[in-house]
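Please treat every number below as a calculation from the coordinates, not as lab data. This structure is a prediction, so every number in the text was calculated from the model and none was measured. Glycine also receives a Cβ, built like all others from the backbone with ideal geometry; neighbour counts cover every protein chain displayed.
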4 protein chains.
Amino acid sequence: MSSVFGKNLIVTIFGQSHSKAIGVCLDNLPAGFEIDMEDLSDFMKRRSSINKPYSTKRKEKDQVEFLSGLVGNTTCGAPLCAIIYNNDIKPQDYESIKNILRPSHADYTAQMKYKGYQDPTGGGHFSGRMTAPLCIAGAICLQILKSEGIKIHAHIKKIYDVEDISFNPIGNNEDNIKKLMENDFPVIDINKGILMQEQIHKASQNLDSLGGIIECAVYGLPAGIGDPMFDGIENNISKAIFAIPAVKGIEFGNGFSCADLKGSENNDAFYVENNKVLTKTNNHGGILGGISSGMPLIFKVALKATPSIGIEQDSVNLSQMKNEKLRINGRHDPCIVPRAVPCVEAAAAIALLDMFMSFRIWR
Amino acid sequence: MSSVFGKNLIVTIFGQSHSKAIGVCLDNLPAGFEIDMEDLSDFMKRRSSINKPYSTKRKEKDQVEFLSGLVGNTTCGAPLCAIIYNNDIKPQDYESIKNILRPSHADYTAQMKYKGYQDPTGGGHFSGRMTAPLCIAGAICLQILKSEGIKIHAHIKKIYDVEDISFNPIGNNEDNIKKLMENDFPVIDINKGILMQEQIHKASQNLDSLGGIIECAVYGLPAGIGDPMFDGIENNISKAIFAIPAVKGIEFGNGFSCADLKGSENNDAFYVENNKVLTKTNNHGGILGGISSGMPLIFKVALKATPSIGIEQDSVNLSQMKNEKLRINGRHDPCIVPRAVPCVEAAAAIALLDMFMSFRIWR
Amino acid sequence: MSSVFGKNLIVTIFGQSHSKAIGVCLDNLPAGFEIDMEDLSDFMKRRSSINKPYSTKRKEKDQVEFLSGLVGNTTCGAPLCAIIYNNDIKPQDYESIKNILRPSHADYTAQMKYKGYQDPTGGGHFSGRMTAPLCIAGAICLQILKSEGIKIHAHIKKIYDVEDISFNPIGNNEDNIKKLMENDFPVIDINKGILMQEQIHKASQNLDSLGGIIECAVYGLPAGIGDPMFDGIENNISKAIFAIPAVKGIEFGNGFSCADLKGSENNDAFYVENNKVLTKTNNHGGILGGISSGMPLIFKVALKATPSIGIEQDSVNLSQMKNEKLRINGRHDPCIVPRAVPCVEAAAAIALLDMFMSFRIWR
Amino acid sequence: MSSVFGKNLIVTIFGQSHSKAIGVCLDNLPAGFEIDMEDLSDFMKRRSSINKPYSTKRKEKDQVEFLSGLVGNTTCGAPLCAIIYNNDIKPQDYESIKNILRPSHADYTAQMKYKGYQDPTGGGHFSGRMTAPLCIAGAICLQILKSEGIKIHAHIKKIYDVEDISFNPIGNNEDNIKKLMENDFPVIDINKGILMQEQIHKASQNLDSLGGIIECAVYGLPAGIGDPMFDGIENNISKAIFAIPAVKGIEFGNGFSCADLKGSENNDAFYVENNKVLTKTNNHGGILGGISSGMPLIFKVALKATPSIGIEQDSVNLSQMKNEKLRINGRHDPCIVPRAVPCVEAAAAIALLDMFMSFRIWR
């Protein structure tokens, strides 16, 4: 079930970096939902490398074509399939290094799993390119969630040593979100965004790469979504988020820092306001017992630096089973974090819409 | 699917803190595996509150009874069901506070989900007590994995401000594991364990509680287990681990600290030794592209401080929808982290055995 | 996933014929449903061998014990587990024939699958006894469906050469159902029931056994339940019904006889009555394109004669791999069909409640 | 999960009769399997309407295009997606009858499920055209199964009043299969095939249609595949087979006729030959307890007559909610049975490969 996700909403992602096309199927979308194609296109542009000086030289237009599931732009209840043709392909970039394992890439593990039959060009199915169909699915889920009053926003919390301000965990974030949506670079504080881009540029010039942290917030989620134990919000969002290559950690609410706090400091006191139950703090990140509390759902995701770097690295020639130096010349992002921001929103939206569907059953 | 996990191995957990019994079903275990009942019993004791001065006064013997799935002590291929009767029950502890939400517990979210029909006593199905059947399942999975050469060990990495030493990420941990297994308190460095227990004792005396971090390592995992995208090792271990109440974050390899490193620092160089491919460092934590690399699989889990504290807290009386003070007098652990250590091993074992079964299909 | 069924409602059945207990877990039942324990008990009696002259001499009281999932008699949202202890066990009946394959039983296939580790006593997990937990689950599902206006009734359509009258496929069956519920023997026409019992008695005296056909009808199912292709009503009811040992065929509506009709004869003409769309005939059995049409859902199930017979049979001694005669002396039903009637209702109810839950998502 | 099937092998079908394309994803195919494209093309031709005088005038070339999952013609472990563009589309055929329900079609049930948003042209996702991607998936599964020594063959058992001879249930069918594969019309006895085509032609001239019965046999299946209860071979093949529109019944082995036999007649005696356990008869159709016995797996499928007929029918105008006559002029098959033969093989192959994968886990 490598590339299939969900229980009521089933998302299937297919494609390789250099296959004819990449795409996604969504089974069990509600019939009668009109997809806002301009909004979808805008969402795809946030992930696209085009017009992003800090990103790969591979420039794909990522034109989404719908093969099924729509009448006009409206879902008809049948499984929706949308694809993107791969156009800007340079398999020759990978010819010279085919047998030399790229450190921190999946070359070696793919070899061990698929016994040499994997598609090596551009990382095959392991490529970050697979996040394009993830974003198609996510964009549609985001639109449906939005129509239910649920909004998801992510921004770069940190690149290398530069940190953006955080979302206000308990309250109104309208100003922050407004700023975030106005910025081409997905940060709240535009000045921090400029510093981040400088760091990326510097790393790029040094043939090196950077990682970072993305913060994501969900507003408008009604209390009561999710299940205890294996099917909680944390479980399912994690399962979806780790589909994004480079993610190495996830934390909800105050996350790892909860370990530094006493119960009296970490507990979020309840109070009543306008006949609604709220918490004074939001260390729990909107989830208690796997179930949404009605407070903003907040989580953070750690992404490692792009494994592809131009600096010479120690590696192994697999066909000869001997040590060998490697220098990677393919096209790649010196820092994937900015383009991963919509991917985090997309993965969260897929997981949340699936859980929202379960939530509706007995309402 | 709240309490059901897995694809080939299906684990179903049932029970409430004060129900007649709690238990677990395992469907699709291999036939012919002889369960080591003493080993199972020892594993259950690691989670038990008995003989642990730092844990709850609720003392359950956690005697495991097998209802089905065995002939003698050997699996027969039929679904295995094992239960534990709840004996030491004091529902009256919960009577007085039934309508007053306990901060950071699932009282409120359960109310919103189950509309008042949830079992409130002892936290119902949200209770940490549900980790007992998780440990039954985990103990069996651990035994099966061990028979395949795969071992899982977890220890307390941190409680409050005291840190244990870490597992050696790339190499031999025999000494560390030996020490860990000799200690009643699950740390490698026994002196740090003493300091941790002092911190717990101090918190307990202050009617407060503590959280912490658990580190888990898996040795002997062959390269090639797991899948890209949604069905990787990170995805599935996360999905399982968040079943443990109080977990708020998970990170693999160097985790969140990967965000501070450049690609040239974070990448794990490959090398050949004895015709085997290894990495010089293990920032990737044994997983690349969702698939095991053959290096030790290492992850860390953050647990929040026990929500139940004796200190007076601000809260809400839900039946009257007004603010009200709350003081919790039930039995509870001032720090759940030590008893959560086997639970982390158990959750990881369930996820890994399920993935190991998928791995075997085309071998 | 041998003994796990369902997507939103997950039913897990465990136990062997002679294990300590048999039972079932139901995950994702709605919270707040009060189980009518008397109705449950009555339903279990319909499957029980007690007070049934035509059934096995193994007499189990089938007392249902709830381990979890309830507060009082009301579901609390947590997974429900109910068990029945096996009391009337005579494993010695199976000692003498352990190595000699019983024709048309699963002895040989179990041996090939479980490599000799299967539980042979009483058929182990293959025993018809497993339909007791199926009936617990089914009885609860039937009660929930009934609270939604959906009723399921099955009767014996045929045993050997005696046929009961059929349900009226298009219209009011109140009289038929009233008669059916008044009869201890599950037929509409009591005289045919007497003849059937005579046939069973005769077969029994000849140390032989009989099979038959069960017809099941579902009333009150709203139009729109089910999905096209793999998740239609036919697909899911079939998947559930074949869980009943001895079932060898299933047909919906006019079933196999549709092959004898021209389109002009088989098509069910639509008409409007009281602003409701109905069909003049019901060859489609209430299902078109996998989805309920609002007409009665009707299907028939073929059950083979009980494999256990006292007559000497040709068989194989597996440990010696040589031909050997076999005479079965264990306790068994000369005809399983009467006791399978509630099992058919139960299996249908499980499948339909699961589909009904999916149906509710976007309502 | 309407159009998703399988546990280890996940098959997702998408498309509508008149959507841009139809297609299928297969997740978890083994890496390194070279697809025989000519064989695939030949298989698709068996389902195609081209060169079949008895079939619809809609002539689609059904050219299969692979978007992903292959390197050359060899599977690479990534999800495989294959599509067929719809070319020969005449939506105007459906304009005039849009609101008038076609008897025995899914027009009404789709309306009730999708609330008017379904794609009505050509039956949308309910169209028999969806069996083209089913056949792509099936053809690939058949090739993989064949490489494991497992072969699946189906033929028309009956159309209206003409019956083909049956497969020999216990023995060598090489002659029958040879004849079957030589005939363009999928029968063993070519003379019966001529009579069947005459019946179809006659029905067609009368603006009427016919149904029939297909028999399918699987050879070379090792004993031990499948599970008891919900995951048996009967359960899973049924779930897959009912995905074929028009199927109304399925029976395994002697099926419904088992109800006419006493146990002493129906039981299949075991015997040993060449150190192999066989049965003298095969009423069980190769399945005991849900698990393959090693004898030929045999089942039959009933298909109703094509609902689309040129004869005037009584129906309902849904927008006006009044009775109205209907005459269907679209293109359609007067008898779908011949083209459904490869679909039955395909559906069986998908279910069996998925179960075969489970079977391999502990081998």
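Charges at C-beta only: +1 for Lys and Arg, -1 for Asp and Glu. How large is the resulting dipole of the protein assembly as shown about its Cα centre, in Debye rounded to 20?
0 debye
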Checklist entry - According to a simple spin-label model (label point 7 Å from Cα along Cα-to-Cβ), what is the distance in nm between residue A:147 and residue D:39? => result 4.5 nm
Next on the checklist: I need D:268, A:39 ordered by Cβ neighbour count within 10 Å, fewest first.
Outcome noted: A:39, D:268
Checklist entry - What are the label-to-label distances in nm, one decimal and shortest first, from residue A:222 to the same spot in the other copies, with labels 7 Å along Cα to Cβ? => result 1.6, 4.9, 5.1
Checklist entry - Can you list the HN-Hα couplings for the range C:229-243, worked out from phi with the Karplus curve (6.51, -1.76, 1.60; θ = phi - 60°), rounded to whole Hz and with x for Gly and Pro? => result 6, 7, 10, x, 4, 4, 4, 6, 5, 4, 4, 6, 5, 5, 6
Checklist outcome for this item: Residues C:57, B:20, D:90, D:157 in order from fewest to most other beta-carbon atoms within 10 Å are C:57, D:90, B:20, D:157
Checklist entry - Between the DSSP loop rule and a limit of at most 16 other Cβ atoms within 10 Å, which GluC sites (Glu not before Pro) in the range C:74-172 are left? => result C:148
Item to check | Residue with peak Gaussian network fluctuation, chain B [Cα springs, cutoff 10 Å], from B:196, B:44, B:321 | outcome: B:321
Checklist outcome for this item: A chain fully extended from residue B:257 to residue B:88 at 0.36 nm per residue, minus the present Cα-Cα distance, gains in nm 56.5 nm
Checklist entry - In chain A, which residue puts its Cβ closest to the axis that turns chain A onto chain D, and how many whole Å away is it? => result A:12, 2
Checklist entry - Any idea what the relative contact order of the range B:204-282 is, in percent, if you count C-alpha pairs under 8 Å spaced at least 6 apart? => result 13 percent
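Over 24 Å between C-alpha atoms is what I'm after, so list which of C:52/C:157; B:61/B:90; C:20/C:90; B:20/C:61; A:90/D:45; B:113/B:248 land there.
Where the Cα-Cα span goes over 24 Å, the pairs concerned are A:90/D:45.
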Item to check | Inter-label distance for residue B:329 and residue B:63, nm, one decimal - labels placed 7 Å from Cα along Cα-to-Cβ | outcome: 3.2 nm
Checklist outcome for this item: the range B:214-239 and the range C:35-59 have their Cα centres apart by a whole-number Å value of 48 Å
Next on the checklist: Give me A:37, A:229 sorted ascending by neighbouring Cβ count inside 10 Å, so fewest comes first.
Outcome noted: A:37, A:229
Next on the checklist: Can you classify the range D:1-65 as rounded, prolate or oblate using the Cα gyration tensor, where a ≥ b ≥ c are the square roots of its eigenvalues, rounded means a/c under 1.5, and otherwise it's prolate if a/b beats b/c and oblate if not?
Outcome noted: oblate
Checklist entry - How far is residue B:275 from itself in the other copies, in nm, if each label sits 7 Å out from Cα along the Cα-Cβ line, shortest first? => result 3.3, 7.6, 8.1
Checklist entry - Taking N as the number of residues in the range A:1-128, what is its Cα Rg relative to 2.2 N^0.38 Å? => result 1.22
Item to check | Residue-averaged [θ]222 nm for chain C, counting only DSSP H segments that reach four residues, each worth -39500 (n - 2.57) | outcome: -8500 deg cm²/dmol
Next on the checklist: Given points 7 Å out from each Cα along the Cα-Cβ axis, report the residue D:319 to residue A:178 separation in nanometres with one decimal.
Outcome noted: 4.6 nm
Next on the checklist: Straight-line reach only, C-alpha to C-alpha below 15 angstrom: list the aspartates and glutamates that residue D:115 could link to, leaving out same-chain residues fewer than 8 apart.
Outcome noted: A:34, C:227, D:107
Checklist outcome for this item: Quick calc, residue A:198 & residue A:166: beta-carbon distance into FRET formula, R0 22 Å, rounding 0.05, result 0.55
Checklist entry - Can you list the lysines whose alpha carbon sits under 16 Å from that of residue A:7, skipping same-chain ones fewer than 8 residues off? => result A:239, B:7, B:239, C:7, D:7
Checklist entry - Rounded, prolate or oblate: which fits the protein assembly as shown when a ≥ b ≥ c are the square roots of the eigenvalues of the alpha-carbon gyration tensor, with rounded for a/c under 1.5 and prolate only if a/b beats b/c? => result prolate
Checklist entry - Quick one: helix B:131-147 against the long Cα principal axis of chain B, what's the angle to the nearest 10°, folded into 0 to 90? => result 10 degrees
Next on the checklist: Taking the 0 to 90 degree range and rounding to the nearest ten, how far is the long axis of helix C:337-360 tilted relative to the main principal axis of chain C, both from C-alpha atoms?
Outcome noted: 50 degrees
Checklist entry - With Cβ to Cβ distances under 15 Å as the rule, what net charge do the other residues near residue D:223 carry (K, R +1; D, E -1)? => result 0
Next on the checklist: Please give me the summed charge of the neighbours of residue B:123: other residues whose Cβ is under 9 Å from its Cβ, Lys and Arg +1, Asp and Glu -1.
Outcome noted: 0
Next on the checklist: If you average the alpha carbon positions of the range B:271-341 and of the range C:1-32, how far apart do those two centres end up, in angstrom?
Outcome noted: 30 Å
Next on the checklist: If you filter the range B:259-360 for GluC sites (Glu not before Pro), then keep DSSP loop positions with at most 13 other Cβ within 10 Å, what is left?
Outcome noted: B:312
Item to check | Net +/- balance of residues flanking residue C:245 in space, Cβ distance below 12 Å, scoring K and R +1, D and E -1 | outcome: +2
